[in-house]
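Taking it in order: structure first as structure tokens, then the write-up.
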Amino acid sequence: MLEPSTWLAALQGTPEAAAALHASWADLPPDTHLRDGGHYRYRRHSCFVHDVASGQLTQTPHRAHWQPVTYNALHGGIERMFMPVRPDVVASPLWQSMLTQLGQLFAQAARVKGQTVPTWYIEAHQFRVDTTGGIGRPTPEGAHRDGMDFVAVVFMGREGVKGGETRVFEAQGPHGVRFTLTEPFSCLLLDDERVIHESTPIQPVAEHGWRDTLVLTYRQQGFQGPA
């Protein structure tokens, strides 16, 4: 877990810059692909390629998000096209610094495992889950892996809700941890090969309750897609 003030300082960011970035979550369009019939999730999605050696980050032409059913039994096997992350968000120094610095950090973690990573293929997902219709489900697919090398979950904030407990468990073992993210810009780092994760549903305690996250996935072997 990266603590917000320490991480923001490493990114050369400020609480004001983080708040300005978070403001864009109010402009997320509905997720029209929910197979459980819900209307509680809003999102944008864009893809990037990060050259680790040079630090260059390049946004790819807009593409669909795809996962195999082995990793997402509810939404796997279909190409889901979402609206892209807004250009002003992508261009913000804090966004650029987040994606590249996490890429460098994950490259170091890969080296510990004996892997050299020249390039990361990154998918960025802005999520808002709300409780307008009652219960909101951050992970309707349940406990899962994403089929990536590493995952970062940046908690952006929550208001008027209870629940939303984060659960991380060993993929091949009995141990795990449970906690609730409450401090904006906390960043949870996951080795996707080793753990499964989920967040429990949120319930309203006030009108217009919501929970916002930014999920960044890093993969060595290109973007996932149908064969």
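Once you have the Kirkwood Rh of the chain from its Cα pairs, apply Stokes-Einstein at 20 °C and 1.002 mPa s and quote D in µm²/s.
Details: Rh = 17.9 Å.
Taking Rh from Cα pairs, D becomes 120 µm²/s.
Ranking W7, W120, W95 by Cβ neighbours within 10 Å, fewest first, what do you get? Let's see the in-between values first.
Numbers: W7 19, W120 27, W95 22.
Arranged by neighbour count, lowest to highest, W7, W120, W95 become W7, W95, W120.
If I take every Cα pair under 8 Å that is 6 or more residues apart in the range 1-137, average their sequence separation and divide by the length, what percent do I get for the relative contact order? Walk me through the numbers on the way to the answer.
On the way: 182 pairs, mean separation 45.4, N = 137.
Relative contact order for the range 1-137 comes out at 33 percent.
According to the square roots a ≥ b ≥ c of the eigenvalues of the Cα gyration tensor, what is the shape class of the range 107-227, taking rounded for a/c under 1.5, prolate for a/b larger than b/c otherwise, and oblate for the remainder? Kindly include the intermediate steps, with their values, before the conclusion.
Working: a/c = 2.14, a/b = 1.84, b/c = 1.16.
Because a/c hits 1.5 or more and a/b exceeds b/c, the range 107-227 counts as prolate.
Of A23, Q96, M81, which is farthest along the charge dipole of the range 4-219 in the positive direction, counting Lys and Arg as +1 and Asp and Glu as -1 at C-beta?
Farthest along the dipole direction, towards plus: M81.
Sorting L21, L188 on the 10 Å Cβ count, fewest up front, what's the list?
On the way: L21 22, L188 18.
Ranked by crowding around the Cβ, least crowded first: L188, L21.
State whether the range 74-166 is rounded, prolate or oblate according to the following rule on the C-alpha gyration tensor (a ≥ b ≥ c being the square roots of its eigenvalues): a/c under 1.5 gives rounded; otherwise a/b larger than b/c gives prolate, and the remaining case gives oblate.
Details: a/c = 1.81, a/b = 1.49, b/c = 1.21.
The shape class here is prolate.
Return the long-range amide H neighbours of F150 (sequence gap of 5 or more, or a different chain), with a cut-off of under 5 Å between placed amide H atoms.
For F150, whose amide H was placed from the backbone, the distant partners under 5 Å are D192, Y218.
Can you list the GluC sites (Glu not before Pro) in the range 110-162 that are in a DSSP coil and have 13 or fewer other beta carbons within 10 angstrom?
Details: sites: E123, E141, E159; in loops: E141.
Loop-located and lightly packed - none at all.
Taking the Cα centre of the range 87-227 as origin and charging only Cβ (+1 Lys, Arg; -1 Asp, Glu), how large is the dipole, in debye to the nearest 20? Kindly include the intermediate steps, with their values, before the conclusion.
Working: 12 positive and 16 negative charges, 49 e Å.
For this selection, approximately 240 debye.
Kindly provide the trypsin sites (Lys or Arg not before Pro) of the range 76-181 that DSSP labels as loop, not H, G, I, E or B, and whose Cβ sees at most 14 other Cβ atoms within 10 Å. Spell out each step's value before the answer.
Values: sites: R80, R111, K113, R128, R145, R158, K162, R167, R178; in loops: K113, R145.
In loop regions of the range 76-181 (DSSP not H, G, I, E or B), the sparsely surrounded trypsin sites (Lys or Arg not before Pro) are K113.
Which of P29, P61, P174 moves most in a GNM of the chain, Cα contacts under 10 Å?
Of P29, P61, P174, the most mobile in the Gaussian network model is P174.
The range 1-107: D in µm²/s via Stokes-Einstein (Kirkwood Rh, Cα pairs, 37 °C, 0.692 mPa s)?
Numbers: Rh = 15.9 Å.
Rounded, D is 207 µm²/s.
Most exposed first by the Cβ proxy, i.e. fewest other Cβ within 10 Å, how do M1, M156 rank? Mind dumping the intermediate values first?
Numbers: M1 13, M156 22.
Least to most surrounded, the residues fall as M1, M156.
Of F106, C187, P61, which is farthest on the positive side of the dipole of the chain, counting Cα position, with +1 on Lys and Arg Cβ, -1 on Asp and Glu Cβ, and the Cα centre as origin?
P61
Throughout, read-outs are computed from the coordinates displayed, never taken from laboratory work. As the structure is a computational prediction, the values presented were derived from the model and not from experiment. Neighbour counts run over all protein chains shown; Cβ positions are idealised from the backbone, glycine included.
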